[in-house]
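Here is the structure we will look at.
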Amino acid sequence: MTASHSRDYWEKAIAALSPEGRHFIDGAFRPAISGETFVRTRPMDGTAGASLARGRSEDIDAAVAAARVAFASGVWRHKEPLDKKKIMLKWADLIRANAEELAMLETLDVGKPILASLNVDVRLCADGIQYYAEMIDKQYDEIAPTGPKARALVRKVPIGVIGAITPWNYPLIIDSWKLGPAIAAGNSVVLKPAEQSSLSAIKLAALAFEAGLPAGVFNVVTGYGEETGKPLALHMDVDMIAFTGSTEVGKLIMGYAAQSNIKRVALELGGKSPIVVFADSDLDAAASAAAWGCFYNAGETCHASTRLIVERSVQDALIAKIEAVTRSDIALAHPLDPVAQIAALIEEAHMDKVLGMVDAGIAAGGRRAFGAERVLAETGGYYVSPGVIADVSNAMPIARDEIFGPVLVSIPFDTEEEALSIANDTVYGLAGAVFTRDMDRAHRFSEGIHAGTVWINTYDMSNFATPFGGFKQSGFGRDRSVHAIDKYCDYKTIWQQFG
Ligand code: NAP
């Protein structure tokens, strides 16, 4: 999946696409029961995009019923492990075979560069499904210690019907982080993608069905959060919600679980991750990590390195290097242009929010070092140049709230103690990093940062073997790695007494 076609190639291919915008329920495309639709606006140019089914509670009811029937019948969970594995591996293969179409759907919806969609998002989605497929026939249950007159089996059983609610920033990747372990564990899933990014989810479901996943095991209902996500999270026949999104909505999800059937909840939420740079660091490496860590995906990344906490004596030198790396390596362009490393933000209202936070940060005393301005307005799309706001205090809203755009704030410090205090002075705890050549300090500091992932002298390196998720108000429960399967299972004890 490394094709590097011209912009003209992608323009023509997109013109020939007719994306499916209906729900996928019980093995078939279905319009909303009300017949209502809504239209997605393309972030790349502000034009009208696909028409999508506008789901409501009756559509959720239909999808949950199909998921429940599939689960209760055992058509999937009781299948031979080897056969389940083959079906999920075929699904991963079909994702790869349809990579260009999936990449185009993702870029149309989200505005990210087509080559990032193809070479990162689609690739990692297929890899994620494959990773969990390969675990299916390697799961063992336990026999608990007992006396000779009893045998106690500790069985790891699927939970039942999982409601997955996902955000728009990495739709294919995050969907696969839920679908892979949930389905490999034997559950049925109803996925509610973000209203901005439903097209790839619908295609994923159709490909799963084509691969042999039985009808009802994986369903997609499209629509708005209040109209589809809320009834899914409140549903009395949904056993768990696996949610990725904002902390604000994550709190609502916990409330819905409490108000309904005490369903299990796993939450992957927001972040405001620190990247702490000491003066003894390799400043070139730190600059590159800070720039890519914050600006990749136009800053629309939950674990982006959004707070640069830098030793005061090197703040200006480091920012100059970040600017140089940004200008030379991180090309902002139309997402169908193969040179684009970053492209549009998700929608106009979000772009306005990002620019408003920058203005407020400057009004509060921050200094624009470079960038963080609207660009490419003539395209009709929603583009903001990557930039740094310097001399920020950690008390300012721009240092406390998620910007979710390509804007790095720089907060100077004078002592190690102060740096750690600033790094942890946030409601979030998703990720963080420390740059220093002093290895004692690196280890001390990495233990001190209260976050789900901490990098030393790098940023955003990971693979499927490492769990991903947050501390504090960044949520709980982990995606990725072998541990994610446990999230979608319950333990059941079967005690047999002899004689
Ligand atoms: P969001 O507004 O919280 O939405 C996430 C999902 O929840 C969407 O599908 C949304 O549907 C749905 N939703 C909204 N209101 C709902 C309600 N009342 N009941 C049930 N569902 C509801 O987040 P977003 O703007 O899509 O994504 C950005 C956020 O996600 C950021 O905070 C980011 O940090 C976080 N994130 C976290 C991780 C992680 O792994 N920790 C990864 C990626 C993103 P609609 O789109 O239709 O409103």
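The values are calculated or read from the model by the stated rules, or taken from the named source; none is laboratory data. Model, not experiment: these values are computed from the prediction. All Cβ positions, glycine included, derive from the backbone under ideal geometry; neighbour counts span all protein chains shown. The area values use the complete protein model at the heavy-atom level, side chains included, leaving out ligands, DNA and RNA. Shrake-Rupley method; radii C 1.70, N 1.55, O 1.52, S 1.80 Å.
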| query | Heavy-atom accessible area per residue, the stretch 1-121, 1.4 Å probe: how many Å²? | reply | 43 Å²
| said: Give me P(r) over the chain, computed from all C-alpha to C-alpha distances, binned every 10 Å, as integer percentages. | reply: 4, 19, 28, 25, 15, 6, 1, 0, 0
| remark: Of every Cα-Cα pair in the stretch 274-467, the percentage lying beyond 29 Å is 18 percent
| remark: Each label sits 7 Å from Cα toward the beta-carbon; between GLN259 and SER6 the label points are separated, in nm, by 5.5 nm
| message | If you filter the stretch 128-218 for chymotrypsin sites (Phe, Trp or Tyr not before Pro), then keep DSSP loop positions with at most 15 other Cβ within 10 Å, what is left? | response | TYR140
| query | Roughly speaking, what is the stretch gain from VAL375 to ARG444, that is 0.36 nm per residue apart minus the C-alpha to C-alpha distance, in nm to one decimal? | reply | 20.7 nm
| request: Would you list the P(r) distribution for the stretch 224-376, with all Cα-Cα distances sorted into 5 Å bins from 0 and each bin expressed as a whole %? | output: 2, 8, 13, 16, 15, 13, 11, 9, 7, 5, 2, 0
| note | Between ALA13 and THR47, Cβ-based FRET efficiency (R0 22 Å, step 0.05) works out to 0.85
| task | Compute the distance in nm between two label points, each set 7 Å from the Cα along the Cα-to-Cβ direction, one at ALA331 and one at GLN139. | result | 4.5 nm
| message | Can you return the lysines within cross-link range of LYS79? Criterion is Cα-Cα under 23 Å, with same-chain partners fewer than 8 residues away left out. | response | LYS90, LYS138, LYS156, LYS178, LYS487, LYS492
| note | Nearest-0.05 FRET efficiency for GLU210 and SER73 at R0 = 22 Å, using Cβ-Cβ distance, is 0.60
| At a 1.4 Å probe, what is the % contribution of carbon and sulfur to the accessible area of the stretch 274-467? | 51 percent
| query | Given a cut-off of under 8 Å on Cα pairs at least six residues apart, what relative contact order in percent is computed for the stretch 1-124? | reply | 27 percent
| query | For the chain, with only Lys/Arg (+1) and Asp/Glu (-1) charged at the beta-carbon, what is the dipole magnitude about the Cα centre, in debye rounded to 20? | reply | 1680 debye
| note | The answer for the stretch 274-467, accessible area per residue at 1.4 Å probe in Å², is 37 Å²
| Once Lys and Arg get +1 and Asp and Glu get -1 on their Cβ, which of ASN98, PRO467, ILE485 lies farthest toward the positive end of the dipole of the chain? | ILE485
| Cα-centre dipole for the stretch 274-467 with unit charges at Cβ (Lys and Arg positive, Asp and Glu negative), debye to 20 | 80 debye
| query | Exactly which GluC sites (Glu not before Pro) in the stretch 1-48 are in a DSSP loop and have at most 15 other Cβ atoms within 10 Å? | reply | GLU36
| request: Would you calculate the separation in nanometres between label points at ARG367 and ALA150, each defined as 7 Å from the Cα along the Cα-to-beta-carbon direction? | output: 7.1 nm
| remark: Judged on accessible area alone, 1.4 Å probe, highest first, ARG54, ARG312, ARG40 line up as ARG312, ARG54, ARG40
| field | In order through the stretch 349-359: 3J(HN,Hα) via Karplus (6.51 cos²θ - 1.76 cosθ + 1.60), integer Hz, x for Gly, Pro | value | 4, 5, 4, 4, 5, 4, 5, x, 5, 5, 4
| note | P(r) over all Cα-Cα pairs of the stretch 132-245, 10 Å bins from 0 to the longest distance, whole percent per bin, short to long, reads 13, 41, 27, 12, 6, 2
| query | Angle, helix 439-448 long axis vs. longest principal axis of the chain, Cα atoms, 0 to 90°, nearest 10? | reply | 60 degrees
| Per-residue ³J(HN,Hα) for the stretch 227-241, Karplus 6.51 cos²θ - 1.76 cosθ + 1.60, θ = phi - 60°, Hz, x for Gly and Pro | 8, 10, x, 5, x, 5, 6, 8, 5, 6, 10, 9, 8, 7, 10
